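Input: a single structure, listed below in structure tokens.
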Amino acid sequence: MGAGSELRINSVLHANSILPPGTVVPIGWIAAGTPEARLFEPGRHDALWEVQRELDFPGTVYGVPRGTSMREIMARQSDHFGAHLDDRVLGGDPADGHPTDRRSPEA
């Protein structure tokens, strides 16, 4: 995201996109593309998809190729987050809103 750029409320800068300096993405719009993001107003799905599909969202966010089933992606996500079920915040102070033990009382 370039210096002085703005993402207005409910706008999106798509993964792997480059927003030039000083660009304003209006409320509810999407910026996507590289080497320079294009701006898409709501309802321009087909035009957006022409740019978006080349940006490798599944590979960037989930580390999988496009076409991987959501069942597989969510199973991987569940395993990842489940591995941290017993994590503790070190040095946290409950009075500051940073509990040292994040498990539920029933755990």
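Overview of values
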item	result
Amide hydrogen neighbours beyond the local backbone of VAL24, cut-off 5 Å, H modeled	GLU6
Exposed-loop-free span, longest in the chain, where GluC sites (Glu not before Pro) count as exposed if DSSP calls them loop and at most 12 other C-beta atoms lie within 10 Å	37-105
For the chain, the spread of Cα positions along each principal axis, largest first, Å	50, 36, 23
Accessible area (Å², per residue) of the stretch 1-54, counting only protein heavy atoms and a probe of 1.4 Å	62
Trypsin sites (Lys or Arg not before Pro) restricted to DSSP loop in the stretch 1-98 with at most 14 other C-beta within 10 Å	ARG8, ARG44, ARG66
Helix-derived mean residue ellipticity, 222 nm - over the chain, DSSP H n ≥ 4, -39500 (n - 2.57), to 500	-7000 deg cm²/dmol
Electrostatic dipole magnitude of the chain [Cβ: Lys, Arg +1; Asp, Glu -1; Cα centre; debye, to 20]	240
Potential extension, TRP49-TYR62 segment - 0.36 nm per residue separation minus Cα distance	2.8 nm
Accessible area of the chain belonging to carbon and sulfur atoms, whole % at 1.4 Å probe	55
Fraction of antiparallel bridges per DSSP, the chain only, in percent to nearest 5	50
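The values are calculated or read from the model by the stated rules, or taken from the named source; none is laboratory data. Here the structure is a predicted model, which is why all the values come from computation and not from measurement. Here the Cβ is made from the backbone with ideal geometry for all residues, glycine too, and neighbour counts use every protein chain on show. Just so you know, the surface numbers come from the protein's heavy atoms only, side chains and all, with ligands and any DNA or RNA stripped out. Shrake-Rupley method; radii C 1.70, N 1.55, O 1.52, S 1.80 Å.
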